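I have placed the structure first, in the form of structure tokens, so that the comments after it can refer back to it.
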Amino acid sequence: MYVREKTARGHTYLYLVESEREGGGVRQRIIRALGRKDALLASGELQRLAASLVRHCDRAIILSDMQAGRIACTRIGGPLLFGRLWERLGIAEVLGQLLTDRGFEFAVERAVFASVLHRLFVSGSDRSCEKWMADYQIAGIDELQLHHFYRAMAWLGEEIAPAGAGALAPRCIKDLIEESLFERRRDLFSDLSLVFMDTTSLSFYGAGGESLGSYGHSKDHRADLKQMILAVVIDGEGRPICTEMLPGNTLMPLCCCRSLTVCASAFTSAGYASSPTAA
């Protein structure tokens, strides 16, 4: 059964009908005339009828409760999967070690994890992340607010040493994290004699980015916006080693040279491997 509309003499009428087969065809049989649609809506009778029917349908009850905000759907798959990878790679432990002597009053590691998860799923700003995480069950984020994400990202980019020879940016906390993660999985056979590098451009709106934001060839076809170049270096087994941010007008060959310089100085100076060759 279903409700059918029929217009006559300038008014729309609602009918409760059902389809039945007669011979070789199907015809509609009117069970009851419900009345004029505008009158039913004005009196609220249509809403009351629909609410009465919904009480006998479990799925409709759940959907109506979700729309009314009485219940919410919380996603758990992504946080569980990537949370396990996060722990297995030792990222939480590395961040904890670097945060030991810091006086942050919020869970910085949880803020970084939520930001990473957000960028893996939908990508967006920290402001977008604060709203997005409400639909996900992520342990330890209940007290996080927008300014916590801003402070966590600022900590990742916090300078720890001036820019070295050939480097376009000073060393920061992000570099310590990458080096610590590489050290955790380094063994006797670790080899960086051959690495692979890829680049992409990241355009952005608004002010800021004076040191890196420049106009250049945009891979996302936004030549009207300033951009930065993100270079990623991975080893022969496809595991990421380090990342480097470069000015948006940097040529690709120069990106390769700069990134390899950083990789060689940070990961081979301690005797990890010979200077890398890019592919």
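The values are calculated or read from the model by the stated rules, or taken from the named source; none is laboratory data. Computed from a predicted model, the values in this text were never measured in an experiment. With ideal geometry, Cβ positions are generated from the backbone for all residues, glycine too; neighbour counts draw on all protein chains shown.
Quick look at the numbers
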item	result
Options Phe121, Phe149: the member that is modelled with pLDDT of 90 or more and out of contact with any Ser or Thr (no Cβ under 8 Å at 6 or more places or on another chain)	Phe121
Boolean, Val122 is surrounded by 19 or more Cβ atoms within 10 Å (Cβ to Cβ) and not polar (S, T, N, Q)	no
Pairs where the first residue, in the stretch 219-230, is basic (Lys, Arg) and the second is crowded, with 21+ Cβ neighbours inside 10 Å and not in a strand (DSSP E or B), C-beta under 8 Å, 6+ apart	Lys226/Gly248
Filter pass, Gly77 being over 30 Å from Gly10 (Cα atoms), modelled with pLDDT of 85 or more and loosely packed, with under 11 Cβ neighbours inside 10 Å	yes
Residue check for Ala92: at pLDDT 90 or above, hydrophobic (A, V, I, L, M, F, W, C) and either within 14 Å of Ser180 (Cα to Cα) or not in a helix (DSSP H, G or I) (or both)	yes
Filtered residues of the stretch 1-37 (kept if of a type in the set (A, V, I, L, M) and touching a strand residue (DSSP E or B) at 6+ places or on another chain (Cβ under 7 Å))	Met1, Val3, Leu14, Leu16, Val17, Val26, Ile30, Ile31, Ala33, Leu34
Residue that is nearest to the chain's Cα centre (by Cα) [pool: residues in the stretch 215-229 that are surrounded by 13 or more Cβ atoms within 10 Å (Cβ to Cβ) and of a type in the set (Gly, Ala, Ser)]	Ser218
Check on Ser201, polar (S, T, N, Q), closer than 27 Å to Gly238 by Cβ and surrounded by 13 or more Cβ atoms within 10 Å (Cβ to Cβ)	yes
Residue list for the stretch 12-66, restricted to those being modelled with pLDDT under 80, surrounded by 13 or more Cβ atoms within 10 Å (Cβ to Cβ) and among the hydroxyl-bearing types (Ser, Thr, Tyr)	Ser64
Asp235 vs. criteria over 27 Å from Trp132 (Cα atoms), of a type in the set (Asp, Glu) and touching a Leu at 6+ places or on another chain (Cβ under 8 Å)	yes
Residue in the stretch 129-150 that is within 29 Å of Leu246 (Cα to Cα), hydroxyl-bearing (Ser, Thr, Tyr) and crowded, with 16+ Cβ neighbours inside 10 Å present	no
Of residues in the stretch 231-243 being charged (D, E, K, R) and touching a residue at least 24 places away in the same chain (Cβ under 8 Å), the one surrounded by the fewest Cβ atoms within 10 Å (Cβ to Cβ)	Arg239
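Residues are listed down the side, and each one gets a yes or a no for (1) at pLDDT 65 or above; (2) among the aliphatic types (A, V, I, L, M):
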| position | (1), (2) |
| --- | --- |
| Leu194 | yes, yes |
| Gly213 | yes, no |
| His221 | yes, no |
| Ala231 | yes, yes |
| Pro240 | yes, no |
| Thr250 | yes, no |
| Ser259 | no, no |
